[in-house]
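Have a look at the structure below, then the notes.
The values are calculated or read from the model by the stated rules, or taken from the named source; none is laboratory data. Note that this is a predicted model, so its numbers are computed, not measured. No Cβ is skipped: glycine too gets one built from the backbone with ideal geometry, and neighbour counts run over all protein chains shown. Keep in mind that these areas ignore ligands, DNA and RNA; they rest on the heavy atoms of the full protein, side chains included. Shrake-Rupley method; radii C 1.70, N 1.55, O 1.52, S 1.80 Å.
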Amino acid sequence: MLLSSLLAVPIAALLILTTATSASAHYVYAQDEVWANADSTKCLYTYAEVSHGDGGGYTKTQANAGRDLYCIMPWKRLSGDLAAKYEYYKWDGAGWYVCALIGEWQYSTVESGQYTLSWNFGGAPPCGGGYYGTTGYTSVQYGGDWYGWNVGIWSGFHYIEP
């Protein structure tokens with residue numbers, strides 16, 4: 001009886017830690033593959049994040065180009081061959097609306113396998129307190145064509161205090 005009582009607290013704590021969702025985290029993100037060539041030796045992953053930042057919200061979209069071994073190795077692209085943009089949404093109680101965005105593509109300026117576009121909204125949320133989320137878009141130039149540009153990745157949502 002004493003042993004089962006002593007084990008109850010650590011087991012309960014373990015269950016809470018292992019079943020907590022990302023919604024309870026300080027930031028929320030998602031990432032997924034948005035393009036791969038025919039043999040999957042080259043690919044592009046999009047990462048989208050929303051968080052508190054300096055209190056008024058933060059958004060981040062990142063292009064991650066990969067190669068070989070199921071696209072886990074970095075694939076360096078020339079300057080200008082990776083692009084990103086984002087839409088920053090707020091929930092108004094009935095639906096999501098675009099609160100802020102970088103609607104035009106922003107392009108990498110150095111040779112790299114990664115390109116990040118982010119914005120810290122400072123001390124106050126741009127559209128007041130509430131739930132925010134990011135849809136991130138990325139693209140990679142390969143063989144003269146752009147890929148991945150039409151696949152948005154939703155970060156999930158996060159509450160930003162007024």
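For the range 91-111, taking the residues that are part of a strand (DSSP E or B) and among the hydroxyl-bearing types (Ser, Thr, Tyr), the one that is least open to solvent (accessible area, probe 1.4 Å) is identified as Tyr97. Taking the conditions exactly as written (at pLDDT 95 or above, basic (Lys, Arg) and surrounded by 10 or more Cβ atoms within 10 Å (Cβ to Cβ)), does Lys42 satisfy them or not? Criteria not met by Lys42. Against the test of being modelled with pLDDT of 95 or more, surrounded by 16 or more Cβ atoms within 10 Å (Cβ to Cβ) and aromatic (Phe, Trp, Tyr), the options Tyr132, Tyr159 yield a single qualifying residue, Tyr132. Selection of first residues in the range 41-56 that are among the aromatic types (Phe, Trp, Tyr) and of second residues that are open to solvent by 30 Å² or more (accessible area, probe 1.4 Å), restricted to Cβ pairs under 7 Å at least 6 apart or on distinct chains, gives the following pairs, ordered by first then second residue: Tyr45/Gln31; Tyr45/Asp32; Tyr45/Glu33; Tyr45/Asn64; Tyr47/Tyr29; Tyr47/Gln31; Tyr47/Asn64. Residues of the range 45-59 that are modelled with pLDDT of 95 or more and of a type in the set (D, E, K, R): Glu49 alone. For the range 65-90, filtering for residues that are out of contact with any Cys (no Cβ under 8 Å at 6 or more places or on another chain), buried (at least 16 other Cβ atoms within 10 Å of the Cβ), over 13 Å from Gly152 (Cβ atoms) and in contact (Cβ under 8 Å) with a residue 60 or more places away in the chain leaves 3.
Every condition in (1) under 19 Å from the mean Cα position of the chain (by Cα); (2) free of Cβ contacts under 8 Å to residues at least 60 places away in the same chain; (3) open to solvent by less than 50 Å² (accessible area, probe 1.4 Å); (4) more than 24 Å from Arg67 (Cβ to Cβ) is met by Tyr115 except one, and the failing one is (4). Listed by position, the strands (runs of 3 or more DSSP E) inside the range 112-162 whose residues that are within 12 Å of Ala48 (Cα to Cα) and in contact with a His (Cβ under 8 Å, 6 or more places away or on another chain) number at least 1 are 130-142.
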